[in-house]
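Comments concern the structure below.
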Amino acid sequence: MPPNATTRQQNGLPYLPITLRYQGQSVTVNGLLDTGAAINVLPYSLGQQLGLNWENKAPISQLAGNLAAFESRGVRLTGIVELFPACRLALAWTRNESVPLILGQVNFFQIFQVCFDGADQFFTLQPKF
């Protein structure tokens, strides 16, 4: 296994430990690496833990799929993945409480190169910058 590989899996799905920061508040959580997700998604409770104010955030266009029935707001947070420099993440903050933190194409996969090895159940991660 490569030295930068992680085997963090939950129910066979790839999860990555990440620290999210906003105005002095931080929370560390496992985010689902989802190549099929168009955008990053932040569950409502995590936004509250970070001190986000729903009313002060701009609504974004309706999400698709399982999240289509829920309102969402656009937020920008700092993301810290162990061993790598902090990065700015754009997320759709949703009222849905059953969704995990989702790291999707915009903009997590624009910042990081992720290589999945499904047979051995690990993935590697490298910043693109």
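The values are calculated or read from the model by the stated rules, or taken from the named source; none is laboratory data. Predicted model only: the values in this text are computed from it and were never measured. No Cβ is skipped: glycine too gets one built from the backbone with ideal geometry, and neighbour counts run over all protein chains shown.
Confirm whether Ile18 is of a type in the set (Val, Ile, Thr), closer than 21 Å to Lys128 by Cα and out of contact with any Cys (no Cβ under 8 Å at 6 or more places or on another chain). Against the criterion (of a type in the set (Val, Ile, Thr), closer than 21 Å to Lys128 by Cα and out of contact with any Cys (no Cβ under 8 Å at 6 or more places or on another chain)), Ile18 qualifies.
Could you please let me know if Asn66 is free of Cβ contacts under 8 Å to residues at least 12 places away in the same chain and over 16 Å from the mean Cα position of the chain (by Cα)? It is false that Asn66 is free of Cβ contacts under 8 Å to residues at least 12 places away in the same chain and over 16 Å from the mean Cα position of the chain (by Cα).
Residues of the range 47-84 that are in contact with a Phe, Trp or Tyr (Cβ under 8 Å, 6 or more places away or on another chain) and more than 17 Å from Gly31 (Cα to Cα): Gly51, Leu52, Trp54, Lys57, Leu63, Ser72, Arg73, Gly74.
What do you reckon, is Ala38 at pLDDT below 95 and among the aliphatic types (A, V, I, L, M)? So Ala38 passes the test.
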